[in-house]
Number of protein chains: 2
Amino acid sequence: MGEFALIEEIRRRCAVPRADVILGIGDDAALLQPRAGSELAVSTDTLVAGVHFPAGTAPFDIGWKSLAVNLSDLAAMGAEPAWALLALSLPAADADWLAGFCDGFAALARQHGIALVGGDTTRGPLTITVTVHGFAPPGAALRRDGARAGDRILVSGIPGEAAAGLTCLLGSALLHAAGPVDRDYLLERLQRPIPRVALGLALRGIASAAIDISDGLRQDLGHIAARSGLGAVIVTDRLPHSEALQRAGDADQRLRWQLAGGDDYELCIAVPPARVAAAQAAAADCGTVLTDIGAFEEGDGVRIVDAAGADVALPRSGWEHFVA
Amino acid sequence: MGEFALIEEIRRRCAVPRADVILGIGDDAALLQPRAGSELAVSTDTLVAGVHFPAGTAPFDIGWKSLAVNLSDLAAMGAEPAWALLALSLPAADADWLAGFCDGFAALARQHGIALVGGDTTRGPLTITVTVHGFAPPGAALRRDGARAGDRILVSGIPGEAAAGLTCLLGSALLHAAGPVDRDYLLERLQRPIPRVALGLALRGIASAAIDISDGLRQDLGHIAARSGLGAVIVTDRLPHSEALQRAGDADQRLRWQLAGGDDYELCIAVPPARVAAAQAAAADCGTVLTDIGAFEEGDGVRIVDAAGADVALPRSGWEHFVA
């Protein structure tokens with residue numbers, strides 16, 4: 001399978017038509033028509049085999065996740081997805097692998113109407129870099145630097161389930177399970193994350209700041225706090241739980257998954273107290289739940305406390321590359 | 001050096017201010033203001049260590065080239081560079097390597113006023129994916145599918161010098177040199193290609209089609225021909241030569257470098273005969289030369305002939321990944 005056959009296969013399997021694509025895959029560059037009067041949100045994320053997913057991961061899941069982690073960035077900006085580019089380095093051109101990868105990518109692309117407009121295929125260690133583009137009205141995008149002291153901290157879904165899935169993947173010996181473990185459910189949370197695109201759009205005009213949780217709730221919340229010049233406090237008893245999470249690990253394990261585990265791709269947002277009900281209603285309309293887990297405050301850093309206000313000790317940070 | 005220190009170092013070293021960057025590095029996505037009434041040209045290209053450059057290549061050259069190959073795509077569209085994103089996978093966070101890489105990237109970015117607005121840093125085998133954005137007036141971009149039968153084929157600069165540089169790098173035993181070899185000059189042609197951005201802009205309204213020569217003149221010309229539904233003929237005696245190229249190899253070697261060698265990043269364009277003089281004058285204004293090397297014709301494929309019109313035998317294709 002030569003490079004050009006490979007590109008043709010990607011184009012065929014990932015086709016999503018859009019009227020604003022003037023010229024798609026097949027020239028030196030794509031030609032696109034930005035939406036008049038809108039700001040353009042652009043983000044790029046890389047997945048590396050053996051770092052972001054185990055070497056044996058199903059190609060469908062790799063394709064899905066490589067787009068999902070990028071759509072999650074658009075969701076966190078409150079931007080409407082439009083176009084993607086795919087840079088794919090492959091050790092060998094395996095037609096079956098490629099078909100699975102494209103089908104996973106395309107399944108999510110179709111859900112969000114995002115067109116694959118360009119890319120590059122190269123020989124090399126398995127590495128996938130996706131770049132996504134979306135639109136937001138001027139000044140409407142959700143940034144990290146807009147939180148105010150007193151804003152509530154809301155989080156979507158059940159953070160920690162992806163980390164529990166990773167623990168399942170690495171071997172159940174690590175699990176302090178209280179009952180039968182919902183392995184398939186937790187693995188799906190890890191490998192087919194749902195980017196909260198509709199929620200991000202619904203939160204424009206409601207949230208004062210937002211981020212997606214890719215590196216762990218504590219660390220990502222810390223980015224909003226730092227960029228907004230604030231501190232933040234999470235009350236552990238307020239964290240949302242699922243039965244799957246509760247069966248999978250004991251209280252200590254769950255707390256580590258929820259605060260320091262990565263790969264959730266849920267949204268963590270700042271909301272003024274008067275708009276919490278509106279945010280939660282918007283989330284319900286999107287079929288998800290926003291849980292109030294704490295507040296922003298004057299100061300810096302992220303404090304973790306229990307219901308009585310006592311400090312809770314935890315691992316310092318979420319996932320960070322390049323830390324020795 | 002942690003991931004966040006690394007990102008901060010990249011941001012500091014690669015800063016190029018632009019008024020149309022609403023929000024740059026540091027949030028979930030960049031927020032950009034597209035130029036009103038313009039089309040947006042977007043392209044992405046990956047360089048993999050050991051595939052696109054030898055492992056020991058100077059980091060400055062890798063940084064330069066990773067942006068250059070992308071700017072070359074914008075040049076081939078006649079698009080004006082605006083924004084870039086950088087996805088960088090590194091085996092280890094080496095501060096000296098990173099400084100050199102950023103300085104090379106930034107040196108070229110500053111020349112073209114292109115702002116680095118986002119990216120991703122991950123641990124993994126050394127792989128660099130850059131995504132670039134540029135502007136073109138509606139309908140003005142240079143595409144591959146616009147050539148007409150009878151259009152002349154013009155090429156900028158001296159194709160083949162980069163391939164000669166690669167031969168130097170791989171070992172002079174491969175050279176059939178006729179004299180002292182201009183090794184440093186040829187290596188610079190390989191490792192610090194000059195994207196023909198100004199030339200691409202100047203050719204809007206003059207050229208009917210364009211491509212950049214990254215995979216070899218014959219193969220890339222074949223893409224214009226195929227997309228335009230035509231054949232093409234190159235007359236070998238018309239190919240431009242430099243003294244460096246003539247000293248580096250004999251006639252057969254030079255012909256292979258010029259037609260099948262990659263990495264030139266010169267432009268190959270289609271121009272109606274009546275506009276050849278205008279194209280060459282525009283090139284002279286940009287400090288480069290466009291040489292008329294043949295013509296498009298009815299049919300398909302690329303024929304190589306000598307001055308007498310006799311077919312010349314050559315290796316079939318340029319560089320193609322994934323060919324067994």
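What is the calculated FRET efficiency for A:Ala251 to B:Asp184, with r their C-beta to C-beta distance and R₀ = 60 Å, to the nearest 0.05?
0.35
Take B:Arg218: with every protein chain present and a 1.4 Å probe, its accessible area is about 50 Å². For chain A, dividing the convex hull volume of the Cα atoms by the residue count gives 139 Å³ per residue.
Between B:Asp237 and B:Asp103, what is the FRET efficiency for a Förster distance of 51 Å, r being their Cβ-Cβ separation, to the nearest 0.05? After rounding, the FRET efficiency stands at 0.75. Using a cutoff of 8 angstrom between alpha carbon atoms and counting only pairs six or more residues apart, the relative contact order for region B:152-305 works out to 45 percent. With Rh defined as the Kirkwood radius, the inverse of the mean 1/r over Cα pairs, the Rg/Rh of region B:180-324 is 0.95. Using a probe radius of 1.4 angstrom, the carbon and sulfur fraction of the accessible surface of region A:1-155 is 53%. The long axis of helix A:95-112 is offset from the longest Cα principal axis of chain A by roughly 60 degrees. Computed over region B:105-191, the Cα gyration tensor eigenvalues convert (square root of 5λ each) into semi-axes of 31, 26, 13 Å, ordered from largest to smallest. With q set to 0.09 Å⁻¹, the log10 of I(q)/I(0) for region B:3-136, from the Debye formula over equal scatterers at the Cα positions, is -0.24. Between the Cα long axis of helix A:251-260 and the first principal axis of chain A there is an angle of about 50°, rounded to the nearest 10.
Label-to-label distances for A:Ala58 across copies, nearest first, come out at 5.0 nm, using points 7 Å from Cα in the beta-carbon direction.
In chain A, the DSSP beta bridges split such that about 75 percent are antiparallel, to the nearest 5. For the protein assembly as shown, how big is the tail of P(r) above 40 Å, as a whole percent of Cα pairs? That tail contains 31 percent of the Cα-Cα pairs. Summed over qualifying helices (DSSP H, 4 residues or more, each -39500 (n - 2.57)) and divided by its residue number, chain B shows a 222 nm mean residue ellipticity of -10500 deg cm²/dmol. With distances taken between every two different alpha-carbon atoms, region A:149-264 has a Kirkwood hydrodynamic radius of 14.9 Å. Centroid-to-centroid, using Cα positions, region A:84-159 and region A:201-243 are 21 Å apart. Rounded to the nearest 5, the antiparallel percentage of DSSP beta bridges internal to region A:65-211 is 55%. Take A:Gly287, push a point 7 Å out from Cα through the beta-carbon direction, and compare it with the same point in every other copy: 5.7 nm, smallest first. Distances between copies of A:Ala19, taken at a point 7 Å out from Cα along the Cα→Cβ vector and listed shortest first: 3.2 nm.
Beta bridges per DSSP, both residues in region B:3-136: antiparallel share near 70 percent.
Note: relative contact order over chain B, using C-alpha pairs below 8 Å and six or more positions apart, is 22 percent.
Given an 8 Å cut-off on Cα distances and at least 6 residues of separation, report the relative contact order of region A:26-170 as a percent.
Result for region A:26-170 is 36 percent.
The values are calculated or read from the model by the stated rules, or taken from the named source; none is laboratory data. This structure is a prediction, so every number in the text was calculated from the model and none was measured. Note: ideal-geometry Cβ built from the backbone for every residue, glycine included; neighbour counts use all protein chains shown. To get the accessible areas, we keep the full protein, side chains included, count just its heavy atoms, and leave off ligands, DNA and RNA. Shrake-Rupley method; radii C 1.70, N 1.55, O 1.52, S 1.80 Å.
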